[in-house]
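Only one structure is covered here, and it is reproduced in the block below.
The values are calculated or read from the model by the stated rules, or taken from the named source; none is laboratory data. As the structure is a computational prediction, the values presented were derived from the model and not from experiment. Positions of Cβ are backbone-derived with ideal geometry, glycine not excepted, and every protein chain shown enters the neighbour counts. What goes into the accessible areas is simple: the full protein's heavy atoms, side chains included, and nothing from ligands, DNA or RNA. Shrake-Rupley method; radii C 1.70, N 1.55, O 1.52, S 1.80 Å.
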Amino acid sequence: MNFDLRLDGLRALVTGGTQGLGAAVVQTLVAAGARVIASARDVSAAPLAGVTYICLLYTSPSPRDRQKTR
């Protein structure tokens, strides 16, 4: 399937954007002209041009922290 996907000037945020399917989505969006921000636990060793990478570690609160917020 071939179609013209142009996203010039639009912004996209992709979580898990450094490996596997997320990396493929980032590559497709960049090729379509979008400005992409990709978040992941580890930043890629070979980042793509035009992509801003954010290193994030998602954690859930510990049981002790949950008791403090109640």
(request) Could you state how much accessible area Leu29 has, in square angstrom rounded to the nearest 10, with a 1.4 Å probe and all protein chains kept in place? (result) 30 Å²
(request) Would you mind getting me the FRET efficiency between Ala32 and Cys55? Use the beta-carbon distance for r and R0 = 30 Å, nearest 0.05. (result) 0.75
